[in-house]
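The next block holds one structure in the form of structure tokens; read it before the comments.
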Amino acid sequence: MHELGLTQSILEIALEHAAKNGAERILKVKVVAGDLAGVIDESLQFYFEYLTRDTLADGAGLVIEHVPAVIKCGACGVTGRVTQQQVFTCPQCDALAVELIAGREFYVDSIEVE
Ligand SMILES: [Zn+2]
């Protein structure tokens with residue numbers, strides 16, 4: 001993933017939210033990143049600090065919440081967590097017919113303004 005582009009999108013959403021609510025300052029932005037979204041926290045924080053300078057979000061905190069990758073097995077129907085290193089197989093029956101149902105998402109969860 002490209003953290004610079006992502007951070008620009010986050011900031012746009014936050015600024016839009018602040019404008020709609022007549023806010024003077026953005027205090028905190030929380031994003032949700034799936035474990036497989038490939039987002040590097042440090043890069044995101046770096047770009048956030050850089051891009052928010054001289055905006056309403058100057059000095060705002062960026063909170064990144066990670067959610068685990070979850071698969072659903074097409075053979076036995078079980079759902080379970082997987083990690084980035086694994087080949088995706090069902091944790092219960094080892095079937096390869098699994099569907100990733102969480103883990104690649106990336107979105108702005110909440111924005112705190114004043
Ligand atoms: Zn299974």
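Normalised by 2.2 N^0.38 Å, where N is the number of residues, the alpha-carbon radius of gyration of the range 2-113 equals 1.32. Can you give me the angle between helix 41-52 and the longest principal axis of the chain, using Cα atoms only, in degrees from 0 to 90, rounded to the nearest 10? That helix lies at roughly 20 degrees to the long axis. The GluC sites (Glu not before Pro) found in the range 3-95 that occupy coil by DSSP, while having at most 15 further C-beta atoms within 10 Å, are 24. Between helix 3-20 and the chain there is an angle of about 60 degrees, using the helix long axis and the longest principal axis of the Cα atoms. Note on residue 63 and residue 87: the model spin-label points, each 7 Å out from Cα along the C-beta direction, lie 4.0 nm apart. By DSSP, the beta bridges lying fully in the range 2-113 are antiparallel in about 70 percent of cases.
All of the numbers you see were taken from the coordinates with simple rules; none came from a lab. From a predicted model like this one, the values you see are computed outputs, not experimental measurements. Note that we place each Cβ from the backbone using ideal geometry, even for glycine, and neighbour counts take in every protein chain shown.
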